[in-house]
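A short write-up of the structure that comes next.
The values are calculated or read from the model by the stated rules, or taken from the named source; none is laboratory data. Since we're looking at a predicted model, the values are computed, not measured. A quick note on method: Cβ atoms are made from the backbone with ideal geometry, for glycine too, and the neighbour counts reach across all protein chains shown.
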Amino acid sequence: MTFILASNNKKKLAELREILSELGIELLSQSEAGLQLEVEETGTTFEENSRLKATGACDLLNLPCIADDSGLCVDALGGEPGVYSARYGGERCKNDIERYEYLLKKLGGAENRAAKFVSVITCVFPNGESIVCRGECPGEILTAPRGENGFGYDPIFRPEGMERSMAELSADEKNAISHRGRALEKFKAKLREYYADK
């Protein structure tokens, strides 16, 4: 059985391949399936954007397609950057460092530094059915970046119950508590149920 990941992100592909191989599923990136698709993320929620991406690929390939949408939500900033995490700050922020520095500047000396990483994974099937799973990793925003691992906002995020930033954790430590790791665990269980009912 073949599934398509509506992305060409190598890290996401490797992570999902490992999990889906346990279920006897072969996962291809959209480029491996011969699809060049850039879906405009017009949704206002992670759920809407992940569905847009999965549906766009499924409609064209007529195969089950998986997409994820994820980001950082900071309480004191009203949930920003949220669905705009990858393009936060617009044109003035051209890379991860500029984006998290922009966030730190906006947050300033705020006492409430509570935040969470969110990941929503959606799988759309050609018959119109779908599976949607959400994973969250609560924590807080540090006052300065720490660590060399990870990417995105990892250096300024300290997960709840940890002394280290997300960028100071090993890959295994991060996967055990990450928003995507939690969403993937739920997804694996729901996918098993889905096929058990068929």
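Could you tell me whether Ala57 is in contact with a Cys (Cβ under 8 Å, 6 or more places away or on another chain), in contact (Cβ under 8 Å) with a residue 12 or more places away in the chain and either part of a helix (DSSP H, G or I) or of a type outside the set (Val, Ile, Thr) (or both)?
So Ala57 fits the description; yes.
Considering only residues that are more than 23 Å from Tyr102 (Cβ to Cβ) and of a type outside the set (A, V, I, L, M), look in segment 137-163 and name the one that is surrounded by the most Cβ atoms within 10 Å (Cβ to Cβ).
Glu160
Taking only pairs six or more apart or across chains, which ones have beta-carbon atoms under 8 Å, a first residue in segment 13-25 that is loosely packed, with under 12 Cβ neighbours inside 10 Å and of a type in the set (Gly, Ala, Ser), and a second residue that is modelled with pLDDT of 85 or more and assigned to a loop (DSSP other than H, G, I, E, B)?
Sorted first by the residue in segment 13-25, then by its partner, the pairs are Gly24/Met1.
Given the criteria surrounded by 15 or more Cβ atoms within 10 Å (Cβ to Cβ) and within 27 Å of Ala196 (Cβ to Cβ), does Phe125 qualify?
Numbers: surrounded by 15 or more Cβ atoms within 10 Å (Cβ to Cβ): yes; within 27 Å of Ala196 (Cβ to Cβ): yes.
Criteria met by Phe125.
Output the number of residues of segment 1-52 satisfying the condition of being part of a helix (DSSP H, G or I), charged (D, E, K, R) and either farther than 22 Å from Tyr195 by Cα or in contact with a helix residue (DSSP H, G or I) (Cβ under 9 Å, 6 or more places away or on another chain) (or both). Can you show your working first?
Just the residues of segment 1-52 that are part of a helix (DSSP H, G or I), to begin with: 10-21, 46-52.
Pick out the ones that are also charged (D, E, K, R) and you get 10-12, 15, 17-18, 47-48, 51.
Now drop any that are not either farther than 22 Å from Tyr195 by Cα or in contact with a helix residue (DSSP H, G or I) (Cβ under 9 Å, 6 or more places away or on another chain) (or both), which leaves 10-12, 15, 47-48.
Going through segment 1-52 one residue at a time, the tally reaches 6.
Given the criteria touching a residue at least 40 places away in the same chain (Cβ under 8 Å), in contact with a Phe, Trp or Tyr (Cβ under 9 Å, 6 or more places away or on another chain) and not in a helix (DSSP H, G or I), does Arg134 qualify?
It is true that Arg134 is touching a residue at least 40 places away in the same chain (Cβ under 8 Å), in contact with a Phe, Trp or Tyr (Cβ under 9 Å, 6 or more places away or on another chain) and not in a helix (DSSP H, G or I).
Give the residue that is nearest to Asn8 (Cα to Cα), with candidates limited to residues of segment 25-63 that are modelled with pLDDT under 90 and of a type in the set (D, E, K, R).
Per the criteria, the residue is Glu38.
Any residue that is small (Gly, Ala, Ser) and not in a loop (DSSP other than H, G, I, E, B) - is there at least one of those in segment 76-83? Before the answer, list the steps.
So in segment 76-83, the residues small (Gly, Ala, Ser) come out as 76, 78-79, 82.
Then keep just the ones that are not in a loop (DSSP other than H, G, I, E, B); that gives 76, 82.
Checked against the condition, which is being small (Gly, Ala, Ser) and not in a loop (DSSP other than H, G, I, E, B), segment 76-83 yields at least one hit.
Can you tell me which residue among Ala114, Ala144 is in contact with an Asp or Glu (Cβ under 6 Å, 6 or more places away or on another chain) and either farther than 25 Å from Glu41 by Cβ or aromatic (Phe, Trp, Tyr) (or both)?
Ala114
Please go through segment 147-176 and give me each residue that is in contact with a Gly (Cβ under 8 Å, 6 or more places away or on another chain) and acidic (Asp, Glu), ordered by number.
Matches in segment 147-176: Asp154, Glu160, Glu168.
Could you figure out which of (1) surrounded by fewer than 16 Cβ atoms within 10 Å (Cβ to Cβ); (2) without any contact (Cβ under 8 Å) to a residue 12 or more places away in the chain; (3) within 28 Å of Phe157 (Cβ to Cβ) isn't true of Cys93?
So Cys93 meets the others, but not (1).
Going by the structure shown, is Ala115 part of a loop (DSSP other than H, G, I, E, B) and hydrophobic (A, V, I, L, M, F, W, C)?
Answer is no for this residue.
State whether the residues of segment 158-179 include one that is touching a residue at least 12 places away in the same chain (Cβ under 8 Å) and within 15 Å of Phe46 (Cβ to Cβ).
Yes, because at least one residue in segment 158-179 is touching a residue at least 12 places away in the same chain (Cβ under 8 Å) and within 15 Å of Phe46 (Cβ to Cβ).
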